[in-house]
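Heads up, the thing below is written out as structure tokens.
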Amino acid sequence: MNHQSLWAPWRMAYLRGLDERAGAERLAGEQPPRNFLADYWQHPARDREHHVVHRNEHGMILLNRYPYSNGHLLVALGEARPTLLDYDAAQRAELWKLVDLAALLVRRTLNPQGINIGVNEGRAAGAGLPEHLHVHLVPRWSGDVNFMAAIGGLRMIPDSLDGVHDAYARAVARLD
């Protein structure tokens, strides 16, 4: 593959301006974006509606509403912090226990050929919710990126969120 660089020096001024505008909004008393993970954490009675497949006293595993592939899970601790190192060692251990459980659920429920597991820290790294660190688990199959994604710019998600949630819930019930 032959990559070329596109130089856009004006872009850095734009990126720096994003932080300045965010600071101005806070000073003006504007509300920050709603943290849906914190909201979901505070309302366990609404777990089915929010597609939470498992929770414990430390955190939760839930479906991504905008999945990269079928069964894409998020893992988050209940306490919102922006980076992995903002949590202490015991909290990080609990996060990774939940990631281990999520990987087990993906394997038992969907039997993918692989799983991408990753953390995006900060907006520049792709975090859509930079104030609440979370881990992505994306089930993968050979051929899941095909002409629809490459040519058409479309992702094919073959099941509904409710259907996948129910499949994960059955897998969680079998663990007990």
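Here are the numbers for the structure shown:
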| read-out | value |
| --- | --- |
| The listed residue being surrounded by 13 or more Cβ atoms within 10 Å (Cβ to Cβ), touching a Gly at 6+ places or on another chain (Cβ under 6 Å) and in contact (Cβ under 8 Å) with a residue 12 or more places away in the chain, out of P67, P112, P130 | P130 |
| Count of residues meeting criterion [surrounded by 20 or more Cβ atoms within 10 Å (Cβ to Cβ) and part of a loop (DSSP other than H, G, I, E, B)] in segment 36-50 | 0 |
| So D176, is it modelled with pLDDT under 85 and surrounded by 13 or more Cβ atoms within 10 Å (Cβ to Cβ) | no |
| Filter result for H165 (crowded, with 18+ Cβ neighbours inside 10 Å, modelled with pLDDT under 95 and over 16 Å from H51 (Cβ atoms)) | no |
| Yes/no for A80 being of a type in the set (G, A, S) and either closer than 24 Å to Q42 by Cβ or modelled with pLDDT under 90 (or both) | yes |
| Exclusive hit being of a type in the set (A, V, I, L, M), modelled with pLDDT of 90 or more and within 13 Å of the chain's Cα centre (by Cα), set L73, L110 | L73 |
| Any hit, segment 139-158, residues being modelled with pLDDT of 90 or more and part of a strand (DSSP E or B) | yes |
| Filtered residue count, segment 113-142, keeping only those that are closer than 19 Å to L98 by Cα and in contact with a strand residue (DSSP E or B) (Cβ under 8 Å, 6 or more places away or on another chain) | 15 |
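The values are calculated or read from the model by the stated rules, or taken from the named source; none is laboratory data. Given the structure is predicted, the values throughout are model-derived calculations rather than measurements. We place every Cβ from the backbone using ideal geometry, glycine too, and count neighbours over all the protein chains shown.
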